[in-house]
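*Asks:* Pasting in a structure now, in structure tokens, and then I'll have a few things to ask.
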Amino acid sequence: MSTDGLKILVADDEASLRELFRLEFPAMGHTVTVCSDGLSAIEALKKDRFDVLLLDLDMPGANGLEVIQAAHTSNPTAKAVILTGKGSHESVRAGFREKIFDYLTKPCRLAEIQDVLARIAEEKKLAEKLAVGGRRLERVEVKQRLVGESDAMKRVHQLIDKIAPTNSTVVILGETGTGKELAAREVHAKSRRAEKPFVAVNCGALPENLIESELFGHKKGSFTGADSQRVGLLEVADQGTLFLDEIGELPKGVQSKLLRFLESGEVRRIGENASRICDVRVICATLRNLEEMVAQGGFRQDLWFRINTFEIQLPPLRQRLEDLPELIVHLASRYKKGADFRSIDNIFTREAFELLRQFDWPGNVRQLANVVEHALILTDHFPAGPEALPQQILKRLVDPVSKTRASASAKAIAASDEDADELMAFDSGKTLRDLENEAIVSALRRNGGNKAKAAEELGISLKTLYNKLNQLQDIAKKTD
């Protein structure tokens, strides 16, 4: 088995083992530094950088865990492998806290050590590729962030600031398009893992028979189609964060395996007997009600309890319309770099913006992004008017009016029956201003003439509603 050359630091008080490693590792293509105790190893760490620390657990001067602690500053990327004759549960748990790559129980065969070194070399190459790709990804996504200063979003930001520095699992809940992955990225960016990989996977987008392989990896030949060895995403995310979007789509068998990983930190590829220890923070997201799925048997209750240490609930856009101007400016600036979009008045006319405020945004911020992009492409001169808005916005404003007009004869309006009857005299299908007027009158009818409730439904202030009613009355008088 050939591996790329590694720089290895060996610390063991057994002279025979030291001599074996001194002779065998260079023959495998590695560079080796050999120490007889922990204190000598700590001094070696101050003078050089290593890829691998092969350490006896019990040594004179300083034990293997103390050497690893010393390496956190000088050699933070070094992979530690512990050699121990005890293999006690206590040492394993202590070692996991110190981010041990693997454990080997003495007496161990050279082939076992060679296999561990091969895995470390493989991960080293993968990390180098991710480092290049990660820098490219950062440049693309640097301006993508959670935007909003509404009370609802302030609570989200405050919660992220509190939980980000911890290693706790997090569940992010919210409707589609509310920014669940952006929230997960903010948790990662504000954590101690910010310089390590952030790996995102949509569980609902993967075929059921490939999800386990995608997360845990597989050995070559372990199943039909496994033509090569595959590193799972949990290993790729080692020391970083794994974001599992739509976790409710995981099959029951994979749920069980994920639960085991969360409890032990062990990753076992399909077709292999050996396990690897990975230090990964897991953040989950879903738009499904996992508590209902637990009650119906579709999701493991123990896994739900395990992942739900902290819960972030992202509000839908319709519940934070005060963030609409800031969101539009942010999105427009992303699409038209260099344009002067410092305020909403530079992007949409007042009429167009009022139509956006009346919309209920079933697709949330993702849908808003599409609408802004649509308007920016169609508009040559800003601010853009209502004619730049897509038909999906105008259609959803017209439909409720059409339904109301069909049964208008059976309803009463308390605000002013005479004025409302006059204002409903025009037909739908005219100008955008006509459609806006019909939406206002329709809202008044549905709310029994209560202007405050109508204004709330339309997403406008009561003062704006009164101004628009005055405008409508002026129109009605001019047409008499």
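The values are calculated or read from the model by the stated rules, or taken from the named source; none is laboratory data. Not measured: the values here are computed from a predicted model. Cβ: placed from backbone, ideal geometry, glycine included. Neighbour counts: every protein chain shown.
*Asks:* Within the range 258-270, track down each residue that is surrounded by 20 or more Cβ atoms within 10 Å (Cβ to Cβ) and within 29 Å of residue 177 (Cα to Cα).
*Replies:* 258
*Asks:* Taking residue 185 as the residue in question, decide whether it is in a loop (DSSP other than H, G, I, E, B) and either modelled with pLDDT of 90 or more or within 19 Å of residue 286 (Cβ to Cβ) (or both).
*Replies:* The answer is no for residue 185.
*Asks:* Return yes when residue 228 is hydroxyl-bearing (Ser, Thr, Tyr), in contact (Cβ under 8 Å) with a residue 12 or more places away in the chain, surrounded by fewer than 21 Cβ atoms within 10 Å (Cβ to Cβ) and not in a helix (DSSP H, G or I) and no when it is not.
*Replies:* For residue 228, the condition - hydroxyl-bearing (Ser, Thr, Tyr), in contact (Cβ under 8 Å) with a residue 12 or more places away in the chain, surrounded by fewer than 21 Cβ atoms within 10 Å (Cβ to Cβ) and not in a helix (DSSP H, G or I) - is not met.
*Asks:* For the range 192-222, which residues satisfy the criterion of being part of a strand (DSSP E or B), of a type outside the set (Phe, Trp, Tyr) and at negative phi?
*Replies:* 199, 200, 201, 202, 218, listed by residue number.
For every residue, the table says whether it meets (1) of a type in the set (Val, Ile, Thr); (2) out of contact with any strand residue (DSSP E or B) (no Cβ under 9 Å at 6 or more places or on another chain).
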| residue | (1), (2) |
| --- | --- |
| 307 | yes, no |
| 310 | no, no |
| 316 | no, yes |
| 319 | no, yes |
| 322 | no, yes |
| 331 | no, yes |
| 335 | no, yes |
| 345 | no, yes |
| 356 | no, no |
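*Asks:* Here is a further query. Kindly indicate whether residue 283 is touching a Phe, Trp or Tyr at 6+ places or on another chain (Cβ under 7 Å), among the β-branched types (Val, Ile, Thr), in contact (Cβ under 8 Å) with a residue 60 or more places away in the chain and not in a helix (DSSP H, G or I).
*Replies:* Against the criterion (touching a Phe, Trp or Tyr at 6+ places or on another chain (Cβ under 7 Å), among the β-branched types (Val, Ile, Thr), in contact (Cβ under 8 Å) with a residue 60 or more places away in the chain and not in a helix (DSSP H, G or I)), residue 283 qualifies.
*Asks:* Of the conditions (1) of a type outside the set (Asp, Glu); (2) part of a helix (DSSP H, G or I); (3) closer than 20 Å to residue 215 by Cα; (4) in contact (Cβ under 8 Å) with a residue 60 or more places away in the chain, residue 318 fails just one. Which one is it?
*Replies:* All conditions pass for residue 318, except number (3).
*Asks:* Out of 298, 248, I need the residue that is closer than 25 Å to residue 314 by Cα, touching a helix residue (DSSP H, G or I) at 6+ places or on another chain (Cβ under 8 Å) and either assigned to a loop (DSSP other than H, G, I, E, B) or in the same structural domain as residue 103 (by TED's automatic domain parsing) (or both). Which one?
*Replies:* Answer to the selection: 298.
*Asks:* Here's something else I'd like to know. Looking only at the range 38-82, count every residue that is modelled with pLDDT under 90, hydrophobic (A, V, I, L, M, F, W, C), within 21 Å of residue 107 (Cα to Cα) and not in a loop (DSSP other than H, G, I, E, B) and tell me the total.
*Replies:* 2
*Asks:* Out of all the residues in the range 98-124, which are more than 31 Å from the chain's Cα centre (by Cα), of a type in the set (Val, Ile, Thr) and either closer than 19 Å to residue 238 by Cα or crowded, with 20+ Cβ neighbours inside 10 Å (or both)?
*Replies:* Once the filter is applied, which keeps residues that are more than 31 Å from the chain's Cα centre (by Cα), of a type in the set (Val, Ile, Thr) and either closer than 19 Å to residue 238 by Cα or crowded, with 20+ Cβ neighbours inside 10 Å (or both), the range 98-124 yields 113, 116.
*Asks:* Kindly indicate the residue of the range 182-198 that is farther than 24 Å from residue 305 by Cβ and either in contact with a strand residue (DSSP E or B) (Cβ under 6 Å, 6 or more places away or on another chain) or small (Gly, Ala, Ser) (or both) and also surrounded by the most Cβ atoms within 10 Å (Cβ to Cβ) among those meeting that condition.
*Replies:* Residues of the range 182-198 farther than 24 Å from residue 305 by Cβ: 182, 185-186, 189-190, 192, 194-198.
Imposing the further condition that a residue be either in contact with a strand residue (DSSP E or B) (Cβ under 6 Å, 6 or more places away or on another chain) or small (Gly, Ala, Ser) (or both) reduces the set to 189, 194, 198.
Numbers: 189: 15, 194: 13, 198: 24.
Selected residue: 198.
*Asks:* Among what's in the range 144-156 and is farther than 18 Å from residue 325 by Cβ and surrounded by fewer than 17 Cβ atoms within 10 Å (Cβ to Cβ), pick the residue that is nearest to the chain's Cα centre (by Cα). Can you show your working first?
*Replies:* Filtering the range 144-156 for residues farther than 18 Å from residue 325 by Cβ gives 144, 155-156.
Now drop any that are not surrounded by fewer than 17 Cβ atoms within 10 Å (Cβ to Cβ), which leaves 144, 155.
Values: 144: 12, 155: 18 Å.
Filtering the range 144-156 for residues that are farther than 18 Å from residue 325 by Cβ and surrounded by fewer than 17 Cβ atoms within 10 Å (Cβ to Cβ), the one nearest to the chain's Cα centre (by Cα) comes out as 144.
*Asks:* Mind listing whichever residues of the range 271-280 are without any contact (Cβ under 8 Å) to a residue 60 or more places away in the chain, over 23 Å from the mean Cα position of the chain (by Cα) and surrounded by 15 or more Cβ atoms within 10 Å (Cβ to Cβ)?
*Replies:* Within the range 271-280, 271, 272, 275 meet the criteria.
*Asks:* Of all residues in the range 319-340 being of a type in the set (A, V, I, L, M) and closer than 15 Å to residue 369 by Cβ, which is surrounded by the most Cβ atoms within 10 Å (Cβ to Cβ)?
*Replies:* Of the residues in the range 319-340, the ones of a type in the set (A, V, I, L, M) are 321, 324, 327-329, 331-332, 339.
So of that shortlist, the ones also closer than 15 Å to residue 369 by Cβ come out as 324, 327-329, 331-332.
Details: 324: 21, 327: 19, 328: 24, 329: 19, 331: 21, 332: 22.
For the range 319-340, the residue satisfying everything is 328.
Here is a yes/no grid of residues against (1) at pLDDT 95 or above; (2) farther than 26 Å from residue 471 by Cβ; (3) among the aliphatic types (A, V, I, L, M); (4) under 25 Å from the mean Cα position of the chain (by Cα):
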{"site": "322", "(1), (2), (3), (4)": "yes, no, no, yes"}
{"site": "332", "(1), (2), (3), (4)": "no, yes, yes, yes"}
{"site": "339", "(1), (2), (3), (4)": "no, yes, yes, no"}
{"site": "343", "(1), (2), (3), (4)": "no, no, no, no"}
{"site": "346", "(1), (2), (3), (4)": "no, no, no, no"}
{"site": "352", "(1), (2), (3), (4)": "no, no, yes, no"}
{"site": "355", "(1), (2), (3), (4)": "no, no, yes, no"}
{"site": "366", "(1), (2), (3), (4)": "no, yes, no, yes"}
{"site": "369", "(1), (2), (3), (4)": "no, yes, yes, yes"}
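*Asks:* In the range 12-57, how many are of a type in the set (Val, Ile, Thr), touching a Leu at 6+ places or on another chain (Cβ under 9 Å) and more than 19 Å from residue 117 (Cα to Cα)?
*Replies:* 0
*Asks:* Only one of 73, 77 is under 22 Å from residue 5 (Cβ atoms) and either free of Cβ contacts under 8 Å to residues at least 12 places away in the same chain or surrounded by fewer than 23 Cβ atoms within 10 Å (Cβ to Cβ) (or both). Can you tell me which?
*Replies:* Matching residue, one of 73, 77: 77.
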